[in-house]
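**Student:** Attaching a single structure in structure tokens format; questions to follow.
The values are calculated or read from the model by the stated rules, or taken from the named source; none is laboratory data. For clarity, every value in this text was computed on a predicted model and none was experimentally measured. Methodologically, a virtual Cβ is constructed for each residue, glycine included, from the backbone with ideal geometry; neighbour enumeration extends over all protein chains shown.
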Amino acid sequence: MRLKGKTVIQLTSGAPRDAREGEAWAKQHGVAYLDGAIMGYPKDIGTSKGTILYAGSRTTFEVTQPVLHSLGGNALFVGENIGNASALDGSLVGSFVAGTILAFLHGAAMCEAEGVPLDTYLSVALKNVMPGLVADTMQTGVEMITKGSYAGSQATLDTWVAGIGYYVQFCRESGVDSTYPESVLGYLQRARDQGYGQDEVAAVFECLRKKAERAKAE
């Protein structure tokens, strides 16, 4: 086979299962293999700002550094588990980024409906919400998930349910589509109904995670 002894760097979007199948094929044919995920827009490719995640053999990653950095200056190795890059791609872009963008656009619609200048909305969001409230909640959330305890003193899930409930009502009164905040409220209420009302919002993770018994069954 002509590719034997060569290196294949796979950058097409896919699922972790696809990455594992690609790695198995590569091993079968004596091919070094990295699975990658592009984290950015086309304008970033080939620039110092371009971020691409790579999973697979660390040795292969190190050896191919010149090629990888030509594709994007921020070449990140995310582990030898070949599915890591695609899992992070789906989690960050498909869930976090998409959800954040949709939430931002929904907020823009609310501001427009109430006559709030969008440049003011953007400024407050970038300077005070993204690096502050959101980043802080992300960090403490991961700490709580890791410890397995969602007890805290900042804002209970009951408080979040009440607050988002008011926001849903506000949307309806303003004539703005309320489907998105209703979906958010549904997750919050689900966690509250499972007994996490007095815990922090990170407890919603328990409604989303893959349960141990389900993992064993698979």
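**Student:** Going through region 14-56 one residue at a time, which ones are farther than 16 Å from residue 76 by Cα, of a type in the set (Gly, Ala, Ser) and surrounded by 14 or more Cβ atoms within 10 Å (Cβ to Cβ)?
**Tutor:** 14, 19, 22, 26, 32
**Student:** Could you tell me which residue of region 59-78 is farthest from residue 126 (Cα to Cα), considering only residues that are in contact with a Phe, Trp or Tyr (Cβ under 9 Å, 6 or more places away or on another chain) and not aliphatic (A, V, I, L, M)?
**Tutor:** 60
**Student:** Also, I was wondering about something else. Tally time: how many residues in region 62-96 are closer than 19 Å to residue 49 by Cα and in a helix (DSSP H, G or I)?
**Tutor:** 12
**Student:** Consider residue 189 carefully, then state whether it is at pLDDT 90 or above, touching a strand residue (DSSP E or B) at 6+ places or on another chain (Cβ under 9 Å) and either farther than 18 Å from residue 138 by Cβ or not in a strand (DSSP E or B) (or both).
**Tutor:** no
**Student:** Which residue pairs have Cβ atoms closer than 7 Å, lie 6 or more positions apart in sequence or on different chains, and pair a first residue in region 116-131 that is within 18 Å of residue 101 (Cβ to Cβ) with a second residue that is surrounded by 11 or more Cβ atoms within 10 Å (Cβ to Cβ) and among the aliphatic types (A, V, I, L, M)?
**Tutor:** Sorted first by the residue in region 116-131, then by its partner, the pairs are 118/108; 121/108.
Quick grid of which residues meet (1) closer than 12 Å to residue 10 by Cα; (2) more than 21 Å from the chain's Cα centre (by Cα):
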{"residue": "34", "(1), (2)": "yes, yes"}
{"residue": "42", "(1), (2)": "no, no"}
{"residue": "48", "(1), (2)": "no, yes"}
{"residue": "52", "(1), (2)": "yes, no"}
{"residue": "55", "(1), (2)": "yes, no"}
{"residue": "64", "(1), (2)": "no, yes"}
{"residue": "91", "(1), (2)": "no, no"}
{"residue": "94", "(1), (2)": "no, no"}
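**Student:** Hey, can you tell me all the residues within region 169-182 that are surrounded by fewer than 18 Cβ atoms within 10 Å (Cβ to Cβ) and in a helix (DSSP H, G or I)?
**Tutor:** Those that are surrounded by fewer than 18 Cβ atoms within 10 Å (Cβ to Cβ) and in a helix (DSSP H, G or I): 169, 170, 172, 173, 174, 179, 182.
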